[in-house]
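*Asks:* Before anything else, here's the structure in question.
Just so it is clear, none of the values below were taken in a lab; they were calculated from the coordinates. Please read these numbers as outputs of a predicted model, since none were measured by experiment. Because the Cβ atoms are built from the backbone with ideal geometry, glycine has one as well, and the counts that use them run over all protein chains shown.
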Amino acid sequence: MTTITDLTPGTWTVDPAHTEVGFVARHLMVTKVRGTFADVEGTVEVAPDVTKSTVDVTVQMASVDTRSADRDTHLKSADFFDVENYPTMRFVSTSFDGEQLTGDLTIKDVTKPVTFEVEFNGEQADPWGNTKAGFEAEAEVKRADWGLTWNAAIEGGGVLVSDKIKIVLDVQLLKQA
């Protein structure tokens, strides 16, 4: 069985064509709305002692896609991400124990700690001689912590958009030579 300690040390970069940075929010308190960000870049420096590894990832907020153009436009507005003034979201790790990755998440110039539960899916050579590694990770945050507080009360009680947001990552890394 492959474990995170088997990951080859060195510099790895996020492969955006095989990576999904997503989120899940409750809508009307009864259903889930999922969204993704298509434009992501990042570097992972894997240390010989994997717990000393570092992660630095940047997401372009204007690349949000929830499969609804109107909703995406609203998310890009000052009510939510305000992409005109805050075009990026950034995560910089502060610690990793092999299963939990903690770091500083910055949205709209507000930085808060976030801890992701990480699952290592292995390392593999592709048919073109590149070395790839796969990870899945999840964290739960409160959007209000980053000043994302827009909402609307609904007639039956509750609010239109949940404060609790799940961040869901499916990441493929490319080993640099």
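*Asks:* Find out how many positive minus negative residues lie around residue 148, taking Lys and Arg as positive, Asp and Glu as negative, among other residues whose Cβ is under 10 Å from that of residue 148.
*Replies:* Here the count lands on -1.
*Asks:* Specify which residue in the list 37, 144, 114 is farthest towards the positive end of the charge dipole of the chain, using unit charges on the beta carbon of Lys, Arg (+1) and Asp, Glu (-1), about the Cα centre.
*Replies:* Checking the options against the dipole of the chain, the answer is 144.
*Asks:* Which pairs break 28 Å Cα to Cα here: 52/132; 76/166; 76/175; 132/166; 142/175; 52/175?
*Replies:* Long pairs (Cα-Cα over 28 Å): 76/175; 142/175.
*Asks:* Continuing with the same structure: Exposure proxy check: 167, 4 ranked by fewest other beta carbons within 10 Å?
*Replies:* 167, 4
*Asks:* Follow-up. Rank 61, 89, 29 by mean-square fluctuation in a GNM of the chain with C-alpha springs under 10 angstrom and give only the top-ranked residue.
*Replies:* Fluctuation is largest for 29.
*Asks:* Going by how many other Cβ atoms sit within 10 Å of their own, how do 31, 94 line up, fewest first?
*Replies:* Taking fewest neighbouring Cβ atoms as first place, the list is 31, 94.
*Asks:* Let me ask something else. How long are the semi-axes of the equivalent ellipsoid of region 4-175, defined as square roots of 5 times the Cα gyration tensor eigenvalues? Whole Å, largest first.
*Replies:* They are 31, 16, 15 Å, listed from largest to smallest.
*Asks:* Next up: Identify which of 34, 90, 67 has the largest mean-square fluctuation in a Gaussian network model of the chain, with springs joining Cα atoms closer than 10 Å.
*Replies:* Comparing 34, 90, 67 in a Gaussian network model of the chain, the most mobile one is 67.
*Asks:* If you don't mind, there's one more thing I want to ask. Between residue 39 and residue 110, how many nm apart are label points set 7 Å from Cα along the C-beta direction?
*Replies:* A separation of 2.3 nm, rounded to one decimal place.
*Asks:* Can I ask one more? Given region 112-177 reduced to its alpha-carbon atoms as identical point scatterers, what log10 I(q)/I(0) does the Debye formula return at q = 0.12, 0.14, 0.24 Å⁻¹?
*Replies:* Values returned for q = 0.12, 0.14, 0.24 Å⁻¹ are -0.52, -0.62, -1.00.
*Asks:* Please turn the phi angles of region 66-77 into ³J(HN,Hα) values with the Karplus equation 6.51 cos²θ - 1.76 cosθ + 1.60 (θ = phi - 60°), one per residue in order, whole Hz, x for glycine and proline.
*Replies:* Those phi angles translate into 10, 6, 9, 4, 5, 5, 4, 4, 5, 4, 6, 6 Hz.
*Asks:* Further question on the same structure: With only alpha-carbon atoms counted, please give the Rg and Dmax of region 1-102, in Å.
*Replies:* 16.5, 47
*Asks:* Also, I was wondering about something else. Hey, in the GNM for the chain with a 10 angstrom Cα cutoff, which one of 57, 30, 83 fluctuates hardest?
*Replies:* In this elastic network of the chain, the residue with the biggest mean-square fluctuation among 57, 30, 83 is 30.
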